1. Are there any pairs with C-beta distances below 7 angstrom linking a residue in the stretch 67-86 that is open to solvent by 10 Å² or more (accessible area, probe 1.4 Å) to a residue that is small (Gly, Ala, Ser) and in a helix (DSSP H, G or I), with the two at least 6 apart or on different chains, and if so which?
2. Among Ile269, Ile253, which is the only one that is open to solvent by less than 60 Å² (accessible area, probe 1.4 Å), under 26 Å from Asn151 (Cβ atoms) and β-branched (Val, Ile, Thr)?
3. Say we look at the stretch 836-858 and pick out the residues that are open to solvent by 40 Å² or more (accessible area, probe 1.4 Å) and touching a residue at least 24 places away in the same chain (Cβ under 8 Å); which of these is nearest to Glu749 (Cα to Cα)?
4. Name the residue that is most open to solvent (accessible area, probe 1.4 Å), counting only residues in the stretch 161-194 that are of a type in the set (Asp, Glu) and closer than 30 Å to Arg309 by Cβ.
5. With the structure loaded, tell me whether Arg818 is assigned to a loop (DSSP other than H, G, I, E, B), charged (D, E, K, R), at pLDDT below 85 and open to solvent by 60 Å² or more (accessible area, probe 1.4 Å) or whether it fails that test.
6. Identify the residue in the stretch 393-410 that is open to solvent by 30 Å² or more (accessible area, probe 1.4 Å) and under 32 Å from the mean Cα position of the chain (by Cα) and, among all such residues, is farthest from Asn531 (Cα to Cα).
7. State all residues of the stretch 292-312 that are free of Cβ contacts under 8 Å to residues at least 60 places away in the same chain and either in a strand (DSSP E or B) or open to solvent by less than 10 Å² (accessible area, probe 1.4 Å) (or both); if no residue qualifies, say none.
Amino acid sequence: MNSAPQLVAPARIDAALETTPAVGALRDLLREARATLLSRFEAGEEADALVAARAGLADALLHRLWQRHLHPVLPRGALVAVGGYGRGELLPYSDIDLLILLPAAEDTAVRQALEGFITLLWDIGLEVGHSVRTVEECRREAAADITVATNLMEARLLCGDEATYDAMLQATAPGQIWPSRDFFAAKWQEQIERHQRYNDTAYNLEPNIKESPGGLRDIQMVGWVAKRHFGATTLHQLVEHGFLTHTEHDALIEGQRTLWRIRCGLHLISGRREDRLLFDHQRTLAARFGYRDGNGRLAVEHFMKDYYRTIGELGRLNEMLLQLFQEEILHGAQQTESVTLNRRFRLHDGFIEATRDDLFDRYRTALLELFLLMARHPECRGVRAGTIRQVRDRAQRIDDAFRADLGCRTLFIELLREPSGVSRALKRMHRYGVLGAWLPEFGRIIGQMQHDLFHVYSVDEHTLKVVENARRFAHLHYAHEFPQCSAVMQRLPKPELLTIAALYHDIAKGRGGDHSQLGAVDATSFCERHNLSRWDTRLVTWLVEHHLLFSTTAQRIDSSDPQAIHAFAEQIGDPVRLDYLYLLTVADIRATSPTLWNSWKERLLGELYQATRRALRRGLHTPVMPAEAIDDIQQQARRQLHQLRLQPSQVERIWQRLGDEYFLRHSVDEILWHAQGILMHDAHDTPLVMLRQDGHRGGTELFIHAPEHANLFTLITTTLDQLGLSVADARILGTHDGWSLDTFILLDEQGAAAIDPLRGNEIVATLRQRLTTPDQLPARVERRLPRQYTHFRRPTRISFTTDLRNARTVMEVITSDRPGLLSHIARVVQGCGVHLQNAKVSTFGERAEDIFFLTAPEGGPLDEATHFDCLHDGLISALDGAATPPTMR
């Protein structure tokens with residue numbers, strides 16, 4: 001155990017035990033010890049010393065209590081520390097895991113004494129996890145459960161009978177149960193399953209520093225295997241066995257010390273056992289550890305970058321050591337197959353390895369050739385541990401001369417041009433430290449996080465996920481996932497350019513300034529260094545600089561507006577750019593967060609792509625005119641009337657009530673659905689509410705045909721909020737005779753497009769009932785914000801632009817997302833007496849960016865003096881304050 005200044009002098013423990021009653025005195029001592037622990041932590045004392053100090057206090061106290069209360073009735077019993085406490089690692093609020101070892105089955109007197117002992121421990125404030133077993137029970141339980149076996153491996157005798165303790169060790173030794181081969185295989189599978197629970201990534205927004213990949217449990221995993229196989233009691237003994245270098249050992253210990261420091265801080269600031277690095281804790285710890293805002297990043301982002309780099313390195317060491325253990329323990333005595341790939345590399349039992357120890361010093365191009373071969377040989381399962389160590393060592397010595405080597409540059413471009421295996425190879429390059437050294441600009445984003453709920457992964461992790469998504473489009477095996485993207489991918493003249501754009505699209509994050517423009521400069525430099533043609537260089541540079549263009553346009557324009565599509569097509573310029581940008585956008589959004597992508601976004605981007613492609617194919621000099629588009633839509637609809645058994649004359653009467661805008665903003669299928677519903681609705685003077693699952697629209701489609709009323713949009717959105725539904729899109733139109741035709745695309749609470757039929761019936765019935773009394777607005781939606789959202793409240797920003805072409809005003813509202821947001825905005829719009837034409841709703845983590853298309857009551861754009869202040873002040877009041885929104889002046 002680590003020597004550290006005592007938290008409480010032994011004499012004071014003895015004095016407290018003599019006090020009557022002793023429980024209160026001991027509880028006070030432990031409370032004082034915890035306060036001392038906190039003050040020493042805040043003074044900067046190392047966490048390993050504090051961990052050892054608390055374990056030392058527990059040892060001293062438990063020894064005295066055992067001697068007083070249990071030794072008289074259990075002279076051959078033993079009190080044993082197990083688990084983390086057995087290792088002498090006791091965090092401020094960690095449970096104290098104990099094994100009470102019995103020489104034989106307990107009798108009534110022993111049982112009563114044990115119950116009294118455990119009750120006493122809880123009464124004085126020790127949170128204990130305990131088991132009571134005989135030696136045989138230990139052996140039986142450990143043989144049946146790898147977790148019990150692992151716990152007992154870390155046993156440490158606190159007091160009691162040494163012979164009983166030794167008998168337990170002997171009964172649970174590798175020669176009796178869990179030989180090292182079986183133990184390693186079971187623990188390895190256990191780690192795989194644990195990592196899967198955290199999505200196989202260490203880069204979670206609120207990571208668990210104990211259980212996540214690269215966390216403390218991964219270090220413990222190495223120690224457990226080393227102890228079971230080698231009998232090693234410290235990680236340093238792995239150096240003696242040749243499994244670790246001194247440098248690697250120091251990195252493991254330093255990483256462990258960093259995680260202990262953070263975990264100590266988590267326990268002390270939360271006042272409980274806490275292993276999750278929650279947002280509020282991240283900010284508090286960043287401040288306590290002396291991090292400051294600077295270089296375009298928040299203090300918490302600097303702190304988390306250091307954390308992610310630490311666990312990244314620990315994860316790499318864990319992988320290398322487990323690979324070494326696999327070779328030693330699982331395959332050491334087996335006859336293995338070796339396949340020569342070339343003079344420099346061979347496959348050994350499916351793992352690639354260098355043919356000589358000095359290979360990477362002798363042939364520097366071999367460092368990149370290794371990953372090219374991995375891409376070309378899908379049968380390769382990984383890299384041999386010895387070769388991993390050589391690669392890691394050589395990666396640290398990559399310099400400008402290495403990067404300037406024509407052979408190295410050629411190999412890297414060859415890798416990017418491979419038809420498969422590219423993503424896997426780049427991930428390996430990253431894991432072993434090669435990618436960040438080969439591309440220093442990539443090295444700067446390793447571990448870089450953005451402190452929000454939208455960007456779930458660090459920039460480097462996100463970037464490699466974008467590459468993986470983009471490459472996946474090329475494999476016909478996955479074509480069913482994204483048929484349109486797969487078809488577009490097959491048309492790309494040079495898929496490697498998409499990969500390069502994916503690598504560089506966020507390369508300048510965290511530098512300050514416009515990361516798209518700064519990244520475009522880096523992308524140009526990369527292309528020129530690697531001798532790409534001018535055309536290729538211009539395309540990659542354009543893609544990086546404009547990688548947000550497609551998504552922001554899709555969120556802001558109506559893809560059924562031919563003039564808006566023509567303007568976007570002019571920005572794109574040609575079909576090749578469109579293809580590349582569309583694929584990059586889909587790959588990018590899908591790699592931002594596991595929950596961000598949904599069928600609505602797929603439809604939104606897909607519609608914009610198809611409409612823009614048609615515009616480019618037609619030619620930018622011959623745009624589609626609105627009248628032409630309307631006529632085409634009506635003709636298509638007329639051709640399908642007979643299939644639905646609709647009378648053309650009846651449909652024409654409905655169409656005469658509608659303006660041109662209706663036909664521009666709805667598909668043929670929607671137009672026919674609306675007409676059919678209106679004609680079949682018996683009570684012609686009452687509201688019509690229809691709901692359908694619409695895969696084409698990417699959500700559940702709601703259609704409402706009702707008499708116009710000032711409260712209508714507010715009533716509908718408030719009701720939908722109360723029902724727990726999200727509105728992804730809203731189109732609000734009126735007829736010539738005073739009716740409203742409102743279409744909404746709905747998603748459920750989880751962002752799913754499909755809504756259960758029973759739930760759909762409830763939605764329709766509720767809306768029908770509410771629409772019969774439109775003067776009565778339902779109560780405002782007031783629900784508790786999710787915990788994570790409370791840490792990211794942002795001031796509301798409102799902007800107005802005039803769309804002269806469509807005679808309307810576009811209002812953008814950027815604010816914190818919350819339950820009932822759309823209904824709050826609707827109340828303000830209604831209070832200001834303006835008309836809502838359309839709404840496009842987008843959520844990015846905790847941030848909502850909603851677009852509203854508004855007109856004045858008499859039609860046309862809003863009047864700046866009359867309406868802008870009313871809307872701006874009303875929305876600020878409603879969203880950022882508690883006052884009642886004002887009405888129009």
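The values are calculated or read from the model by the stated rules, or taken from the named source; none is laboratory data. Since we're looking at a predicted model, the values are computed, not measured. Heads up, the Cβs are rebuilt from the backbone with ideal geometry, glycines too, and the neighbour counts pull from every protein chain shown. To get the accessible areas, we keep the full protein, side chains included, count just its heavy atoms, and leave off ligands, DNA and RNA. Shrake-Rupley method; radii C 1.70, N 1.55, O 1.52, S 1.80 Å.
1. As it stands, the answer is His69/Ala113; His69/Gly116; Val73/Ala109; Val73/Ala113, since those pairs meet every condition given.
2. On the way: Ile269 fails: under 26 Å from Asn151 (Cβ atoms).
Sole residue among the options that is open to solvent by less than 60 Å² (accessible area, probe 1.4 Å), under 26 Å from Asn151 (Cβ atoms) and β-branched (Val, Ile, Thr): Ile253.
3. In the first step, residues of the stretch 836-858 are kept if they are open to solvent by 40 Å² or more (accessible area, probe 1.4 Å); the result is 843, 847, 857-858.
Filter again for touching a residue at least 24 places away in the same chain (Cβ under 8 Å), leaving 843, 847, 857.
Numbers: Thr843: 13, Arg847: 17, Pro857: 34 Å.
Among residues in the stretch 836-858 that are open to solvent by 40 Å² or more (accessible area, probe 1.4 Å) and touching a residue at least 24 places away in the same chain (Cβ under 8 Å), the one nearest to Glu749 (Cα to Cα) is Thr843.
4. If we filter the stretch 161-194 for residues that are of a type in the set (Asp, Glu), which is where we start, we get 161-162, 166, 182, 190, 193.
Okay, now just the ones that are also closer than 30 Å to Arg309 by Cβ, so 190, 193.
Details: Glu190: 60, Glu193: 90 Å².
The selected residue is Glu193.
5. Working: assigned to a loop (DSSP other than H, G, I, E, B): yes; charged (D, E, K, R): yes; at pLDDT below 85: yes; open to solvent by 60 Å² or more (accessible area, probe 1.4 Å): no.
No; evaluated as a whole, the condition is false for this residue.
6. Asp393
7. Within the stretch 292-312, Gly294, Phe303 qualify.
Residue by residue, here is whether (1) in a helix (DSSP H, G or I); (2) open to solvent by 20 Å² or more (accessible area, probe 1.4 Å); (3) hydrophobic (A, V, I, L, M, F, W, C) holds:
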residue	(1), (2), (3)
Val339	no, yes, yes
Arg346	no, yes, no
Ile352	no, no, yes
Asp357	no, yes, no
Ala375	yes, no, yes
Pro378	no, yes, no
Gly386	yes, yes, no
